[in-house]
Amino acid sequence: MFTKVLIANRGEIAVRVIRACREAGLRTVAVFSEADRDALHVRLADEAHAIGPPPAAESYLAMDRLIEVARRSGAEAVHPGYGFLSERPAFAEACAAAGLTFIGPPPAAIRAMGDKVAARRTAIAAQVPVVPGTESPVRDDADAARVAERVGYPVMIKAAMGGGGKGMRLVRAAAELPGALRAARSEAGSAFGDASVYIERYVEEPRHIEIQVLADGHGNVVHLGERECSIQRRHQKLIEECPSPFATPELRSRMGEAACRLASAVGYVNAGTVEFLVDTEGRFYFLEMNTRLQVEHPVTELVTGRDLVKEQLRIAAGEKLGFSQDDVRWSGWAIECRINAEDPFAGFLPSPGQIRSLRSPGGPSVREDSGVYAGYTIPRYYDTLMAKLIVWGPDRETAVARMRRALSEYHVAGVRTTIPVLEHIMEHPDFVAGRLSTAFIDRLMLAERAEAGGARRSVAIIAAALAAYEQAGRRAPLPSAGPSPWAQSGRPARRRS
Ligand code: MV4
């Protein structure tokens, strides 16, 4: 086993990895940009090194600087976290070339899954179901039209080197195809430096369910079941849970076995996630594989009782998986809420700045994976994820009640957060009943807008009534009394922040 690990990341995930290393008796090396000198991960690591200016391209994405810090500090292994360099085969190769253990999959496996068209072909060969579509990038308008006719409209155009929803185009009819193709190509070209696109039949109102896999370097592959990630807004997940309210043990086994077959087919080693779309009939289709640890990994940890980061460390050190598929047990229910520094009342606009005060929830079966602290200033250069709140309960109902309770304890002042939307969703009858789909948030927003319209109407009616009273020379009645002064006494004013 290596004894010193460099964490090539920041924020809550760097903190998460530092914690696993410390528990495993490994020394940790943090890196920080000029904007992150006071960040939590810097304070928690055994040592920390500056790597450059705030823009990620000059710091967290600067491979040679990271490798240089590893060399200088004597780190023998590198954990990339998620985002940044985690899915760049060139970084995994640069680590190997510098004699460092990359705590992640082999470069070839990252590459094999980075090209989504090649990944589809691999899935087909491994007998993993895919959405009907192309097995090679579309050549021209005529080729695209042929494919679309074959699979049937509506279709989706996706970037071959994309993923996560960037550069996708929904096409409902043949007449829209050439324009959508041009737009998708141009978007893919500027976003990924590769204009190749492919076509899939559009799956209406799908659920997003993903399978966690672990593979060691000795040919052993197991799955740790699914995560339900259907509560998303613009391809950003807000809430994740394990298990999925939709999954039966039978569906879990079939999806899990498919995910393991795919991992084996690309020689996968370490932790990975296979994403599937599940249609209203319960059929599942391979979407893409994420060749890294995911933001939402804690829900799997709480339900399986396994520490995914420690498993990553052991696998990277060349150890065999210490358990088999039959040893994997799922117990109870876990839900994760992402606490982002965003203003949900202003279109989820980022809300960087200083956290004036912070009170985190606690109590039974509540976990907070945070990258911040009271007094910390959230920089504007990186993503808005401040913390993740994860709860466990023996069943979904208990977990939902516990999440409501935990969110009600959460107090953040100084920056806006997504806490109010999360509280709203936890009360929503469809969420409570487990009626989830990727359309949930869009519907919620539409409902909110309709409600806001209703409120505007109410205000207009009240204003008209007041004007009528005034014209009649009478006084409007006083509004009813507020909360009891007894209930108010001794309580600070409840601020929405
Ligand atoms: C789809 C789809 C429907 N049909 N593919 C969005 C993220 C990217 N990984 C794939 N995505 C989708 N691909 C076909 N053939 C619908 C989506 C999709 C979606 C998927 C998961 C979660 C939320 C979503 C929101 C909109 C669209």
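Near GLU368, once Lys and Arg are set to +1 and Asp and Glu to -1 for all other residues with Cβ below 14 Å from its Cβ, the sum equals +3. Provide the FRET efficiency to the nearest 0.05 for the ALA191-ASP430 pair, computing r from the beta carbons and using R0 = 30 Å. Result of the calculation: an efficiency of 0.35. If you count Lys pairs in the chain whose Cα atoms are under 28 Å apart, skipping same-chain pairs closer than 8 places in sequence, the total is 14. Whole-Hz Karplus values for the stretch 170-182 come out as 8, 10, 8, 8, 3, 4, 7, 4, x, x, 5, 4, 4 Hz, taken residue by residue from phi with 6.51 cos²θ - 1.76 cosθ + 1.60 and θ = phi - 60°; glycine and proline positions read x.
Summary of the geometry: the stretch 60-82 and the stretch 104-129, compared by the centres of their Cα atoms, lie 27 Å apart. Modelled spin-label separation between LYS310 and ALA173, with each label point placed 7 Å from Cα along the Cα-to-Cβ direction: 5.9 nm. Backbone N atoms of the stretch 284-311 closer than 15 Å to the 7 Å Cα→Cβ label point of SER331 belong to residues 300-307. When the stretch 201-252 is described by a simple charge dipole with +1 on each Lys and Arg Cβ and -1 on each Asp and Glu Cβ, the residue from ILE211, LEU251, HIS223 located farthest towards its positive end is ILE211.
Between THR398 and GLU149, full extension at 0.36 nm per residue minus the direct alpha carbon distance yields a gain of 84.9 nm.
Summing +1 for each Lys or Arg and -1 for each Asp or Glu among the other residues whose beta-carbon sits under 10 angstrom from that of GLU311 gives -1. Under the simplified labelling scheme, the ARG254-PHE345 pair shows an inter-label distance of 4.7 nm, with each label point 7 Å from Cα along Cα→Cβ. Per-residue ellipticity at 222 nm from helix content only, as computed over the chain with -39500 (n - 2.57) for each DSSP H run of at least four residues, stands at -11000 deg cm²/dmol.
Please report the net charge: other residues with Cβ closer than 10 Å to the Cβ of GLY353, K and R +1, D and E -1. Once all neighbours under 10 Å are counted, the net charge is +3. The alpha-carbon atoms of the chain, seen along their principal axes, cover 86, 59, 46 angstrom, with the largest extent given first. Each Lys and Arg Cβ is given +1 and each Asp and Glu Cβ -1; about its Cα centre, the chain then shows a dipole of about 1200 debye. Packing, as the average of other Cβ atoms within 10 Å across residues, places the peptides 417-423, 132-138, 364-370, 346-352 in the order 417-423, 132-138, 364-370, 346-352, highest first.
Placing +1 on the Cβ of every Lys and Arg and -1 on the Cβ of every Asp and Glu, with nothing else charged, gives the stretch 188-266 a dipole about its Cα centre of roughly 100 debye.
Each label was represented as a point 7 Å from its Cα along the Cα-to-Cβ direction; for ALA374 and MET63 these points are 4.4 nm apart. Computed on the stretch 337-407, the Cα convex hull volume stands at 99 Å³ per residue.
Bear in mind these aren't lab numbers, they're just calculated from the coordinates by the rules spelled out. Just so you know, these numbers come straight off a predicted model, no measurement behind them. Ideal geometry is used to build each Cβ from the backbone, glycine not excepted, and the neighbour counts take in all protein chains shown.
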